[in-house]
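Before any comments, here is the structure.
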Amino acid sequence: MLSPLQADSLSILPGIRHGFFTRQGGASRGLYASLNCGAGSKDDPVAVIENRARVAEHLGSFSDDVQTIYQIHSATAHAVDRLVPRESLAQGDGLVTRTRGLVLGILTADCAPVLFADADAGVVGAAHAGWRGALGGVLEATVAAMEGLGADRTRIFAALGPSIGPQSYEVGPEFVAAFEDADRDNGRFFTIPKGRKTPHFDLPAYVMGRLAKLGLRHTERQAPCTYENESMFFSFRRATHRKEPDYGRQISAIVVA
């Protein structure tokens, strides 16, 4: 049984269903146990298809799959009005739609998923905000794409889901420089924890900071750390530190019901 995390603000919106799904409740095994929704992983494709079908059914999709995108850590967002086959996926990191029953999904394994909804316009969006995409403007691009479908940012609710926390996100000086070159104020998202010599980045706080500048109706943070909560979430960085050969991806999804 699937028990996704939910944002209170999105949950109260009429005609909107969503979920920040964990790794629990799926058909995958081993490294991918159990709700791995990443078709790009080396998991059994049959298990991944089943996992995505379970998510689609949970949210009341008109199909047995979730509409995702070929994620490339960009600032590109696309509008979709029908389910696109996996072999024809557009490249980008944001998706928006006003098609009822078309579930939009973003895959993550430490990056920040953000779900958006304007219930009055019947428009929803989903963004994959890794550090490159967030810095480049994927959140802004997703909101702009929603406006292209009739949404109004003063009515849009946005919620940030599970992502890597600052205590687990160690970075190098060139990483800090990239953010400070873009905006000197970005230095506030970096700290050097006691006993450490290198900076750590607060991705959830940075994403919330970008959302705060967009003039949205409401923003919310549901962001437990994916690295630290192994029983709940997949984590690219955790898998890398363990020298594991691959990793699963959890999905965050939203639909106009």
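The values are calculated or read from the model by the stated rules, or taken from the named source; none is laboratory data. These figures come from a predicted structure and were not determined experimentally. FYI the Cβ positions are ideal-geometry reconstructions off the backbone, even for glycines, and counts take in every protein chain you see.
Values for this structure:
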read-out	value
Top-ranked residue of the range 36-73 - restricted to ones that are out of contact with any Leu (no Cβ under 9 Å at 6 or more places or on another chain) and β-branched (V, I, T), ranked as farthest from A129 (Cα to Cα)	V46
Sole exception among (1) touching a residue at least 40 places away in the same chain (Cβ under 8 Å); (2) crowded, with 24+ Cβ neighbours inside 10 Å; (3) farther than 24 Å from R221 by Cβ for G26, by number	(1)
Failed item, numbered, when I72 is tested on (1) β-branched (V, I, T); (2) in a loop (DSSP other than H, G, I, E, B); (3) closer than 26 Å to P14 by Cβ	(3)
Every pair of residues 6+ apart whose Cβ atoms lie under 6 Å, when the first sits in the range 230-247 and is in contact (Cβ under 8 Å) with a residue 60 or more places away in the chain and within 22 Å of P113 (Cα to Cα) while the second is part of a loop (DSSP other than H, G, I, E, B) and among the aliphatic types (A, V, I, L, M)	F234/A109; S235/A109; F236/A109; Y247/A109
The listed residue being in a helix (DSSP H, G or I), touching a strand residue (DSSP E or B) at 6+ places or on another chain (Cβ under 7 Å) and either under 29 Å from C37 (Cα atoms) or modelled with pLDDT of 95 or more (or both), out of L211, L102, L115, L107	L211
Selection count, the range 121-133, where residues are surrounded by fewer than 24 Cβ atoms within 10 Å (Cβ to Cβ) and either assigned to a helix (DSSP H, G or I) or not small (G, A, S) (or both)	2
Selected residue (only one of G161, G136 is touching a residue at least 12 places away in the same chain (Cβ under 8 Å) and buried (at least 22 other Cβ atoms within 10 Å of the Cβ))	G161
